[in-house]
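The values are calculated or read from the model by the stated rules, or taken from the named source; none is laboratory data. For clarity, every value in this text was computed on a predicted model and none was experimentally measured. So basically every Cβ, Gly included, is an ideal-geometry build from the backbone, and we count neighbours across all protein chains shown. Accessible surface areas use protein heavy atoms only, side chains included; no ligands, DNA or RNA. Shrake-Rupley method; radii C 1.70, N 1.55, O 1.52, S 1.80 Å.
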Amino acid sequence: MLPASLQKLIDELAKLPGIGPKTAQRLAMYLLKSPHSRIRPLGEALLSLKEGLSFCENCWNITDGDICKICSDPARDETKICVVEEVLDVLAIEKTGKYKGRYHVLHGVLSPIDGISADQLKIHELFERVKNDPEIKELVVATNPSLEGDATALYISKYLNRDDVQITRIARGLPIGADLEYADAATLGKALLNRTGY
Ligand SMILES: [Zn+2]
């Protein structure tokens with residue numbers, strides 16, 4: 001029915017998370033009606049997305065250099081590391097304005113059902129980092145309040161190789177099963193302030 005180029009765009013858009021076939025069609029039609037000046041920056045942004053971006057060697061946050069902006073900021077509290085599942089969680093916590101420490105992005109959570117073990121996450125990198133940096137005094141584990149998030153937090157508290165590092169967990173105030181990324185800043189900020197020790 002549709003010209004191949006338009007159908008291809010719809011198919012590609014529909015593969016994105018949260019976009020069903022209907023939304024994909026609507027977006028494609030919107031783009032089709034948009035002037036070149038509007039479409040070109042979008043196309044260029046998509047093409048350049050992968051170029052020059054990598055993960056921070058220290059915390060595995062996304063960066064356009066070797067070390068991310070947060071790790072290279074001397075104003076950040078180097079005694080605290082907030083452990084999160086995904087890069088977007090860093091953004092969510094930054095938005096609360098309640099946290100001034102550094103981060104460590106695990107890139108997932110332990111999930112035996114999905115076959116995700118510690119080796120597939122950046123957990124050993126976290127343990128190495130804590131082992132090699134005596135300045136670190138607290139790990140704020142901010143994995144999602146889900147079964148997997150809790151299991152991951154427990155794993156970290158069990159296998160961390162330093163007794164003098166306090167491990168705290170944020171979860172209070174967040175609904176069970178909630179995604180950090182979608183929590184409102186006030187709720188997340190409160191959960192951070194009310195973190196409890198293991
Ligand atoms: Zn970093």
Derived scalar couplings ³J(HN,Hα) [region 67-84; Karplus, 6.51 cos²θ - 1.76 cosθ + 1.60; whole Hz; x for Gly, Pro]: 10, 6, 5, 6, 5, 8, 8, x, 7, 6, 6, 7, 7, 10, 10, 9, 9, 10
Contour minus Cα-Cα distance for Lys100 and Ser117 (0.36 nm per residue): 3.1 nm
DSSP beta bridge pairing in the chain, given as percent antiparallel to the nearest 5: 30 percent
Karplus (6.51, -1.76, 1.60) ³J(HN,Hα), θ = phi - 60°, over region 148-159, in Hz, Gly and Pro reported as x: 5, x, 5, 4, 5, 4, 5, 4, 5, 5, 7, 9
Protein accessible area in the chain, 1.4 Å probe - carbon and sulfur %: 58 percent
Euclidean distance between Cα centres, region 136-157 to region 80-129, Å: 8 Å
Helical mean residue ellipticity (222 nm; -39500 (n - 2.57) per DSSP H run of 4+; nearest 500) of the chain: -12000 deg cm²/dmol
5 angstrom amide H check on His104, placed H, neighbours 5+ away: Cys82, Val83, Val84
Straight-distance crosslink candidates among lysines, where the alpha carbon sits under 20 Å from Lys50 and sequence neighbours closer than 8 are dropped: Lys15, Lys69
Inter-probe distance in nm under a simple model that places probes 7 Å from Cα toward Cβ, at Leu91 and Leu47: 2.4 nm
DSSP-assigned coil residues among GluC sites (Glu not before Pro) in region 5-69, each with at most 10 further Cβ atoms within 10 Å: Glu51
Prolate/oblate/rounded label for region 50-146 (Cα gyration tensor, a/c 1.5): rounded
Global geometry of the chain, whether rounded, prolate or oblate, following the gyration tensor of its Cα atoms and the 1.5 cut on a/c: prolate
Region 25-147 - accessible surface per residue (Å², probe 1.4 Å): 58 Å²
Separation of the Ala75 and Leu147 label points, Cα + 7 Å toward Cβ, nm: 4.3 nm
Environment charge of Ser54, counting only residues whose C-beta is closer than 11 Å and scoring Lys/Arg +1, Asp/Glu -1: -3
Residues in region 18-35 that a label on Tyr182 would reach, taking backbone N under 16 Å of a point 7 Å out along Cα→Cβ: 18-20
In sequence order, calculated HN-Hα J values of region 94-101 (Karplus, 6.51, -1.76, 1.60; Hz; x Gly/Pro): 4, 5, 6, x, 9, 9, 10, x
0 to 90° range, to nearest 10: angle between helix 36-48 axis and the chain longest Cα axis: 40 degrees
